[in-house]
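First comes the structure, then the notes that go with it.
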Amino acid sequence: MAKFTIRDAVESDIDDILQLILALAMYEKAPESAKATPALLKQNLFGPQPYAHTMLAFVDGKAVGLAMYFFNFSTWTGKPGLYLEDLFVEPEYRKMGIGKALFGELGRVAEERECGRMDWAVLKWNQPSISFYEKALGAFGMKEWEGMRLETEGIKALRRFRVSEATQ
């Protein structure tokens, strides 16, 4: 069995990150939703104000897995949280322990940052991942919470609720 390594991504990894994002989009049956570009990744992962962090897994020098995460804050715990935006391992490299190792590294980061919890979302149809999270990690679904989202046009529509400077 091939050995793998995991390390934090650097700017020169942008092409590998993008390739894994596109592979994830195909796996999730939503290739049209992948809008990331090298320029956006450079700006938002490696620019002066990075919004997310990425770990990459390599086998024989080839990037085969990624974990992309950022920090949020819990008003209830009064602590930061680590939000795992995406974790993906190329199908042919699964069953090698790469996913568990990526979670192990995420756990290390969460402990170092004194996070109160780690959160992530999984597609309801993705039973293999749900089973992995529950059985291998001991994670649990948050049945009482429903995910909500606004995309670009919805965010713009929020303008109608802004308090103008004249009324403050």
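The values are calculated or read from the model by the stated rules, or taken from the named source; none is laboratory data. Note that the structure is a prediction, hence the values are computed from the model and not measured. Cβ sites come from the backbone with ideal geometry, for glycine too, and all protein chains shown count toward neighbours. Heavy atoms of the whole protein, side chains included, go into the accessibility calculation; ligands, DNA and RNA do not. Shrake-Rupley method; radii C 1.70, N 1.55, O 1.52, S 1.80 Å.
For the chain, what does the accessible surface come to per residue with a 1.4 Å probe? Please give it in Å².
69
Whole Å is fine, so just give me how far the alpha carbon centre of the stretch 107-168 lies from that of the stretch 9-68.
Spelled out, the Cα-based centre of one part sits 19 Å from the other.
Need the list of aspartates and glutamates near Lys3 for cross-linking: C-alpha distance under 18 angstrom, and skip anything on the same chain fewer than eight residues off.
Asp60, Glu90, Glu92, Glu105
Which peptide among 90-99, 56-65, 117-126 comes first, and what is the full order, when sorted by highest mean count of other Cβ atoms within 10 Å?
Ranking the peptides 90-99, 56-65, 117-126 by packing returns 56-65, 90-99, 117-126.
Roughly what would the spin-label model give for Gln43 and Glu111, points 7 Å off Cα along C-beta, in nm?
That separation, rounded to one decimal, is 3.8 nm.
Over the chain, what is the mean sequence separation of C-alpha contacts under 8 Å (at least six apart), divided by residue count, expressed as relative contact order in percent?
17
For n ≥ 4 DSSP H runs only, could you compute -39500 (n - 2.57) per run for the chain, divide by its residues and tell me the 222 nm figure to the nearest 500?
After summing the helix terms and dividing by the residues of the chain, the value is -8500 deg cm²/dmol.
Springs between alpha-carbon pairs under 10 angstrom, Gaussian network model over the chain: which of Leu82, Leu40, Leu18 fluctuates most?
Leu40
Rounded to the nearest 0.05, what FRET efficiency do Ala52 and Trp145 have when you use their Cβ-Cβ distance and R0 = 25 Å?
The formula returns an efficiency of 0.70 here.
At R0 = 30 Å, how high is the FRET efficiency between Asn72 and Lys95 if r is their beta carbon distance? Nearest 0.05 is fine.
For R0 = 30 Å, the calculated efficiency reads 0.45.
R0 = 41 Å: FRET efficiency of Arg159 with Asn126, Cβ-based, nearest 0.05?
0.70
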